[in-house]
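Report on the structure given below.
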Amino acid sequence: MVRENCWEYMGCGREAGGDRVHEFGVCPAYNIDKYNGFNAGRNGGRYCWMVEGTLCQNTIQGNWAQKMRHCLTKCEFFKHVQAQQGGSLKY
Ligand code: SF4
């Protein structure tokens with residue numbers, strides 16, 4: 001079972017075929033297959049806080065250390081995944 005991915009939840013339009021891909025290209029969270037299945041997501045779609053260079057907030061984000069504070073304390077999608085995954089959440 002694949003659960004809702006960040007691009008679906010956030011409606012960012014930065015997934016392949018999305019309406020904002022022309023701005024910065026496809027977000028790496030959509031393409032990074034080494035995280036496929038993590039937290040029941042497709043690629044980095046439910047593990048995006050660990051993906052470098054994602055495109056949230058309309059900017060090219062940095063690495064995990066640079067993103068972590070925002071993702072883990074302010075991102076509504078992270079809180080959504082955390083609530084759904086409970087004790088099996090992969091950080
Ligand atoms: S990490 Fe952010 S910009 Fe990238 S696909 Fe997910 S919600 Fe969209």
Taking region 34-49 only, how many residues are surrounded by 17 or more Cβ atoms within 10 Å (Cβ to Cβ), on the phi < 0 side of the Ramachandran plot and more than 11 Å from the ligand (Cβ to nearest atom)?
2
Restricted to region 1-32, and to residues that are surrounded by fewer than 13 Cβ atoms within 10 Å (Cβ to Cβ) and among the hydrophobic types (A, V, I, L, M, F, W, C), which residue is nearest to GLN82 (Cα to Cα)?
VAL2
Those residues that are among the hydrophobic types (A, V, I, L, M, F, W, C), over 19 Å from GLY37 (Cα atoms) and within 11 Å of the ligand (Cβ to nearest atom), I need them from region 50-65; list them, please.
LEU55, CYS56, ILE60
Tell me which residues, restricted to region 1-59, are β-branched (Val, Ile, Thr) and part of a helix (DSSP H, G or I).
VAL21
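We did not get these values from a lab; they are worked out from the coordinates using the rules stated. Bear in mind that the values here come from a model prediction, so they are computed numbers and not experimental data. When we count neighbours, we look across all protein chains shown, and the Cβ atoms used for this are built from the backbone with ideal geometry, even at glycine.
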